Amino acid sequence: MAIVNLKKRQIECKIVYYGPGRCGKTTNLEYIHKVFKKQVKGDMVSINTDGDRTLFFDFLPLELGKLNGCDVRVQLYTVPGQVRYESTRKLVLRGADGIIFVADSLEVRREKNMLALKDLHQNLKEYNLSIFKVPLVIQFNKRDLSDANITLMSIEQMQHDLNRQLKAPCFPGSALTGKGVGNTLNACLKLLLKSIQKELNLGG
């Protein structure tokens, strides 16, 4: 749940990038940290685990303006995607106000995408949250990889696999080139803002 600090006139909330291992969560955050310099507050913190990383930093979405006279400050987090880091993923997900699910477009990762989404659904449930109600946006990442040796799933296939029931906003993207990264984040921020207004009973 978003934290309101009336003394500092700040609303603090948390967006978590979730998805299978090596799908591009870290690359998304690295791109945002590098390109949106005016909105990034402080350094990116990296917590290294064996073969994977959890990253986070503060982000001030300036274009959203103030909400009821308060600045909205967002912490962006990634979770380690590999199966063995289940407890870390669950811990990072705690207190999330919004989620960006990064799906890997490589055909060989199809099952891993579906397992990661199932994992997200289960972990949210344990925090008494519904995947259907939490602000959620899906990014179909790695759309730039389309050479002869790599088979990508079609957007239609990925929609069918991951978004048939959720009907979440989704964006094709390439975290490596930055294509779709800003659109994905902005869509999640807008959903988050609506959710905070409703949750805290604030005006627009």
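Rule-based calculations on the coordinates, nothing more; no lab input. Please read these numbers as outputs of a predicted model, since none were measured by experiment. Please note: Cβ atoms are built from the backbone with ideal geometry, for glycine as well, and neighbour counts cover all protein chains shown.
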Subject >> Mean ellipticity per residue at 222 nm, deg cm²/dmol - from DSSP H runs of n ≥ 4 across the chain, formula -39500 (n - 2.57) >> reply: -9000 deg cm²/dmol
Subject >> Shape call, the chain: gyration tensor on alpha carbons, a/c limit 1.5 >> reply: prolate
Original post:
Using +1 on the beta carbon of Lys and Arg, -1 on that of Asp and Glu, and nothing else charged, what's the dipole of the range 3-200 about the Cα centre, debye to 20?
Top reply: 600
**OP:** Would you mind classifying the range 1-111 by shape? Square roots of the alpha carbon gyration tensor eigenvalues, ordered a ≥ b ≥ c; an a/c under 1.5 is rounded, otherwise it is prolate if a/b is larger than b/c and oblate if not.
**Re:** prolate
Subject >> Candidates 102, 72, 45, ranked by Gaussian network fluctuation over the chain, Cα under 10 Å, top entry >> reply: 45
Original post:
Using +1 on the beta carbon of Lys and Arg, -1 on that of Asp and Glu, and nothing else charged, what's the dipole of the range 85-186 about the Cα centre, debye to 20?
Top reply: 280
Subject >> Cα lying deepest toward the dipole's positive end in the chain, options 57, 171, 80, charges on Cβ >> reply: 57
**OP:** Rank the residues 33, 121 as a footprinting-exposure proxy: fewest other Cβ atoms within 10 Å of their Cβ go first.
**Re:** 121, 33
Original post:
Looking at this model, which pairs from 41/112; 37/198; 34/142; 38/194; 37/133 are more than 28 angstrom apart at the alpha-carbon?
Top reply: 41/112; 37/198; 37/133
Original post:
Tell me, how many Å apart are the Cα centres for the range 114-147 and for the range 15-47?
Top reply: 17
**OP:** Using 0.36 nm per residue of separation minus the Cα-Cα distance, give me the extension gain between residue 6 and residue 88 in nm, one decimal.
**Re:** 26.4 nm
Original post:
So, in Å, what gap is there between the alpha-carbon centers of the range 82-100 and the range 172-204?
Top reply: 19
